[in-house]
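Working notes, structure below.
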Amino acid sequence: MALMGKNGVLKIGEAGGEPSTEVNRIKDVTINTSKNMADVSTRASGGWRENAPGLKEGTIEFTMVAVDAASDDYAAQKKILDAYDTDTPLAVFADNGNGKGIKGDFYVTDASESQPLEDAITYSVTLSPCCDTRVPTITR
């Protein structure tokens, strides 16, 4: 059976701890991961460029629908926006709905607000790994 994005879960918490607060008013979560390749070519490479895996990098990106203080998801939204404003890392787990995904401590590196005339106000949020406390792990 196919995994559906609507079943995914994003949880946040205090950096270094277990992410336990679910962020519900989000959509379109994207987990970007890539690996740099180091050039290890030598004269013995037979005229071929040789590469070896280097450092990994990644981000978690999502759209968060803005809510007011009366909403049950306001505390999570405020925690994310406050983390951006204060450069405070968050514990994050982006779960694909099957208990697998990326977990670690992340900085909020983008919290852009969009105010379309005929739609809800949203924040485009980007999370980037923070190595001050805990590096990300991926389970697939």
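The values are calculated or read from the model by the stated rules, or taken from the named source; none is laboratory data. None of these values were measured; they are calculated from a predicted model. So basically every Cβ, Gly included, is an ideal-geometry build from the backbone, and we count neighbours across all protein chains shown. Remember, those area values only see protein heavy atoms, side chains included, never the ligands or the DNA or RNA. Shrake-Rupley method; radii C 1.70, N 1.55, O 1.52, S 1.80 Å.
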FRET efficiency for Thr139 and Asp73, Cβ-Cβ distance as r, R0 = 22 Å, nearest 0.05? 0.30
Carbon-plus-sulfur fraction of the accessible area of the chain, 1.4 Å probe, in percent? 49 percent
Can you tell me the Rg and the Dmax, both Å, for the Cα atoms in the chain? 18.1, 67
Against the empirical 2.2 N^0.38 Å scaling, what ratio does the C-alpha Rg of segment 2-47 come to? 2.12
Förster-model FRET efficiency, 30 Å R0, Asp110 and Ala2, C-beta, rounded to 0.05: 0.50
In Å², rounded to a whole number, the accessible area per residue of the chain with probe 1.4 Å is 64 Å²
At 7 Å along the Cα-to-beta-carbon direction for both Thr42 and Leu117, put a label point, then send me their distance in nm to one decimal. 6.5 nm
Note the full-extension length gain between Asp82 and Thr30 as 0.36 nm times their separation in residues minus their Cα-Cα distance, in nm to one decimal. 16.6 nm
If we sort 67-74, 94-101 on the protection proxy, mean other Cβ atoms within 10 Å, highest first, what's the order? 94-101, 67-74
Excluding Gly8 itself, what net charge comes from residues whose Cβ is under 12 Å from its Cβ, given Lys and Arg +1 and Asp and Glu -1? +1
One finds, for Arg49 and Glu18 with R0 = 41 angstrom and r their Cβ-Cβ distance, a FRET efficiency to the nearest 0.05 of 0.40
Across the chain, how many lysine pairs, 8 or more positions apart or on different chains, have C-alpha atoms separated by under 14 Å? Please give the number. 7
When the helices in the chain are scored as -39500 (n - 2.57) per DSSP H run of 4 or longer and the sum is shared across all residues, what 222 nm value do you end up with, to the nearest 500 deg cm²/dmol? -3000 deg cm²/dmol
